[in-house]
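**Student:** Dropping a structure here in structure tokens format, bear with me for questions.
Values in this text are rule-based calculations from the coordinates and carry no lab data. Bear in mind the structure is a predicted one, so any value in this text is a computation, not a measurement. Every residue, glycine as well, gets a Cβ built from its backbone with ideal geometry; the counts of neighbours run over all protein chains shown.
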Amino acid sequence: MSSILDVKVMQDYIRMCHDGVGLGWHERNGGNLTYRMREEEADQCRPYFKSEPGPWVELGVQAENLKGEYLIATGSGKFLRNVELAPQDNLCIVELNAAGSAYRIVWGLENGGRPTSELPTHVMNHSVRKRVTDGENRVIYHAHPPYVVALTYVLPLKAEVFTRMLWKSETECCVVFPGGVGVVPWMVPGGSDIARATCALMETYDAAVWAFHGLFVSGPDFDTAFGLMHTIEKASQIASIALAAGGGNTPKQLITDENLRDIGREFGVALNEEILNYREAGTPYC
Ligand code: 13P
Ligand code: ZN
């Protein structure tokens, strides 16, 4: 291999950034992506690392179960539409220290910069998802998909309401995220507070909506994480159109709770019962 860009994991990462841009989820520098590298992937990239890594930088959060791991990350303020043109200027690989509390840049951001401002949230989410998935989870992805954000202006900011709306807006949603999606109220982006609030939800859910801002998803690989973002946004688009056409009221006909149970049975997935049984008078889809 003559370049780090010949390494498959780098190619897959770059393709995901490109695909998110194509779907309109990454205006300007909106959104960010991190990938927790397998040992062999870090080994494949190591020959291209900087001869002198950057200085250690405190994260403001700690993730002990990520000590010594390597993450591929987008740069803060970098536009995802430029990733494909110049990965070495817009991406980086960071190494976490032995306490899981600081990082240093070992590759990329050649014209300067730092990893995404949401790195504390990504690191804490990786920590939680690694633990609850027995090490399977590797991708944390944040984007600004417009329809799911639009719905945070009109529906109660509750996991039960959002999940029921999504499950009932596209037949196979409940198979893609049978556990549901969490909802974080509006918070200042980029700090440790939003990191902690998101992590609390990621104990249970593999996706969390950020009110008036965007969506965070996780997954074991790029396809699964991207597919989760795409499915949630598509269902949100359908719900937005159906709600608008009906003047904001519950659509005239819906996938029923019994229909959802039938799908769960047929596909062998256990739907979150609390969400299936949730009722809120006067709220669409509930
Ligand atoms: P960064 O450019 O720092 O990744 O921030 C983008 C974003 O979407 C913050 O929530
Ligand atoms: Zn954002």
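**Student:** Give me the distance in nm between label points sitting 7 Å out from Cα along the Cα-to-Cβ direction at LYS252 and SER2, one decimal.
**Tutor:** Placing both labels 7 Å beyond Cα along the Cβ direction yields 6.4 nm.
**Student:** How large is ³J(HN,Hα) for each residue in segment 58-71, as worked out from phi by the Karplus curve 6.51 cos²θ - 1.76 cosθ + 1.60 (θ = phi - 60°), to whole Hz, x for Gly and Pro?
**Tutor:** Per residue, the Karplus-derived 3J(HN,Hα) values read 5, 8, x, 9, 10, 9, 4, 6, 10, 4, x, 7, 10, 10 Hz.
**Student:** Now, a different point. Express the Stokes-Einstein translational diffusion coefficient of segment 2-84 in µm² s⁻¹, to the nearest whole number, given a Kirkwood radius over alpha-carbon pairs, 37 °C and a viscosity of 0.692 mPa s. Before the final figure, lay out each step's value.
**Tutor:** Values: Rh = 14.4 Å.
Translational D for this selection: 227 µm²/s.
**Student:** Take the alpha carbon atoms of segment 27-97, find their center, do the same for segment 224-286, and report the distance between the two centers in whole angstrom.
**Tutor:** 36 Å
**Student:** In which sequence would VAL209, VAL161 go, from the one with the fewest C-beta neighbours within 10 Å to the one with the most? Walk me through the numbers on the way to the answer.
**Tutor:** Working: VAL209 29, VAL161 20.
The most exposed by this proxy come first: VAL161, VAL209.
**Student:** Quick one: which of LYS67/LYS234; LYS130/LYS158; LYS8/LYS158 span more than 27 angstrom between C-alpha atoms? Write out the running numbers ahead of the final one.
**Tutor:** Values: LYS67/LYS234 36 Å; LYS130/LYS158 25 Å; LYS8/LYS158 39 Å.
Those over the limit are LYS67/LYS234; LYS8/LYS158.
**Student:** Name the residue farthest towards the positive end of the dipole of the chain from the options ASN29, ALA99, VAL139, assuming +1 on Cβ of Lys and Arg, -1 on Cβ of Asp and Glu, about the Cα centre.
**Tutor:** The residue sitting most towards the positive pole is ASN29.
**Student:** Explain nothing, just the number: dipole magnitude of the chain about its Cα centre with +1 on each Lys and Arg Cβ and -1 on each Asp and Glu Cβ, in debye rounded to the nearest 20. Mind dumping the intermediate values first?
**Tutor:** Numbers: 25 positive and 35 negative charges, 110 e Å.
My answer is approximately 520 debye.
**Student:** For the chain, restrict the atom set to alpha-carbon positions and state the Rg and Dmax in Å.
**Tutor:** In Å, with Rg to one decimal and Dmax whole: 19.4, 63.
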